[in-house]
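*Asks:* Below you will find the structure I want to go over with you.
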């Protein structure tokens, strides 16, 4: 097969309507970071705990994503979560998008539906959390609809959610933000559900009410066309659960003890160079689970993940404390663009089987500091430790220099990619997708069975131009 690699898809920001949420299907509950997964049970559908503290954490996480808490200190927010103080709604900058994200978060995490018209009836966020945790018929606050397991089972949850949220989007920009946010959260199964329901409605299926604008069908058809060589009609059976702010776990069937966990660090656009359903479709859900860590600050994790860890070192420390990492047979880390450096650091810190940087690059202001960090860690490498792989487009000087520098100090392998018929560019995975080579590439270089040891002396210069 010819060698590969960018042009293509517009990697937009996901700072929109669903920016902090995955769906109400769960792996282990991890709201405070103690991810104690059940290794012998697949993910099942349930909502997060209906405790005051859990609801307050959801509120803070949602408003963090909406940039509605910029005037509040970390100490203040911690005290709010612990019910030591309250936050008045009138003191917060809750625009329409912030309101929408907050209400959707409560629905997704706690199966509670509150309308935008109801929210002003609450004087404070603490009052909102208390009412949701302990609703009472005599309470003067607006009514809250709590969905039960038996409620509304005719359509999949992703379809019902889209139907509820779409009418709240008042502008084209809000609709686009909703779509981008869904692209960064949906599993392949959820994408298939939504695409089929919209298609059935447009085709006049008597069981579906035609209630979608043309832009919805165009958006979903475009996503399906982006898949190119991937069988989206036979979706990989991942289910997703929010682990913490900026961290989402996608698990498939099978015992974790027999599987590998892929810890993925996104680009600044908070995706792996493409919509999530397409990326997940390249991964065998029976052999791999996926933990997505989003670059919420859009600074290549220089500031860690706001709401989760204040620095990169703190983020790596948080990952190291996750109990469930030990449930997996092995761990591999993958990072795109600015996440490439983080993937290398995480592989070293977590004693991973493999660390993979795809189009990795240094932040210009942090080049020397980060290079030195990798160099210091190399001196502590034990024989047989993480195999490091640096994948990049040979026509991007900045990415090529990153790979050369990191390979020199870490002992990692370089894998330059090139096409004879044009430049690749920075978005390596997206160009592979566009050329119909993405599935084969991921299977060969990310999800392969073998893990041959990397050279412990000189870095490898495997120029794979011409072969995948």
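*Asks:* Looking only at segment 98-108, count every residue that is modelled with pLDDT under 80 and within 19 Å of residue 72 (Cα to Cα) and tell me the total.
*Replies:* Final tally of qualifying residues: 1.
*Asks:* What is the number of the single condition among (1) within 21 Å of the chain's Cα centre (by Cα); (2) surrounded by 20 or more Cβ atoms within 10 Å (Cβ to Cβ) that residue 197 does not meet?
*Replies:* (1)
*Asks:* Answer yes or no as to whether residue 284 is under 14 Å from residue 261 (Cβ atoms) and modelled with pLDDT under 95.
*Replies:* Criteria not met by residue 284.
*Asks:* Take the residues in segment 35-75 that are surrounded by fewer than 13 Cβ atoms within 10 Å (Cβ to Cβ) and in a loop (DSSP other than H, G, I, E, B), then tell me which one is modelled with the highest pLDDT.
*Replies:* Residue satisfying both the conditions and the ranking: 73.
*Asks:* Next question. Yes or no: residue 268 at pLDDT below 95, under 30 Å from residue 328 (Cβ atoms), under 15 Å from the mean Cα position of the chain (by Cα) and in a strand (DSSP E or B)?
*Replies:* In short, no.
*Asks:* For residue 111, indicate whether it is modelled with pLDDT under 80, loosely packed, with under 14 Cβ neighbours inside 10 Å and in contact with a strand residue (DSSP E or B) (Cβ under 7 Å, 6 or more places away or on another chain).
*Replies:* No, not satisfied.
*Asks:* Okay, next question. Every residue in segment 346-373 that is at pLDDT below 75 and more than 13 Å from residue 300 (Cβ to Cβ), please.
*Replies:* Of everything in segment 346-373, those that are at pLDDT below 75 and more than 13 Å from residue 300 (Cβ to Cβ) turn out to be 368, 371, 372, 373.
*Asks:* Now for a separate question. For segment 323-340, which residues satisfy the criterion of being buried (at least 24 other Cβ atoms within 10 Å of the Cβ) and under 14 Å from residue 292 (Cα atoms)?
*Replies:* 332, 333, 334, 335, 336, 339, 340
*Asks:* Which of the residues that make up segment 374-422 are assigned to a helix (DSSP H, G or I), out of contact with any strand residue (DSSP E or B) (no Cβ under 8 Å at 6 or more places or on another chain) and modelled with pLDDT of 90 or more?
*Replies:* The answer is 397, 398, 401.
*Asks:* Just the residues that are assigned to a helix (DSSP H, G or I) and under 27 Å from residue 231 (Cβ atoms), please, taken from segment 164-192.
*Replies:* Hits for segment 164-192 are 178, 179, 180, 181, 182, 183, 188, 189, 190, 191, 192.
*Asks:* In segment 403-414, which residues are out of contact with any helix residue (DSSP H, G or I) (no Cβ under 7 Å at 6 or more places or on another chain) and within 19 Å of residue 338 (Cβ to Cβ)?
*Replies:* 403, 404, 407, listed by residue number.
*Asks:* Determine if segment 284-292 includes at least one residue that is under 16 Å from residue 229 (Cβ atoms) and in the same structural domain as residue 325 (by TED's automatic domain parsing).
*Replies:* yes
*Asks:* Taking segment 277-294 only, how many residues are part of a loop (DSSP other than H, G, I, E, B) and buried (at least 18 other Cβ atoms within 10 Å of the Cβ)?
*Replies:* Total meeting the criteria: 4.
*Asks:* Right, here's the next one. Quick one: which of 297, 343 is surrounded by 24 or more Cβ atoms within 10 Å (Cβ to Cβ), within 18 Å of the chain's Cα centre (by Cα) and either modelled with pLDDT under 95 or not in a strand (DSSP E or B) (or both)?
*Replies:* Of 297, 343, the one residue that is surrounded by 24 or more Cβ atoms within 10 Å (Cβ to Cβ), within 18 Å of the chain's Cα centre (by Cα) and either modelled with pLDDT under 95 or not in a strand (DSSP E or B) (or both) is 343.
*Asks:* Output the residue which, of all residues in segment 240-253 that are surrounded by fewer than 24 Cβ atoms within 10 Å (Cβ to Cβ) and modelled with pLDDT of 95 or more, is farthest from residue 309 (Cα to Cα).
*Replies:* This residue is 253.
The values are calculated or read from the model by the stated rules, or taken from the named source; none is laboratory data. Not measured: the values here are computed from a predicted model. Cβ coordinates were reconstructed from backbone atoms using ideal geometry, including for glycine residues, and neighbour counts include every protein chain displayed.
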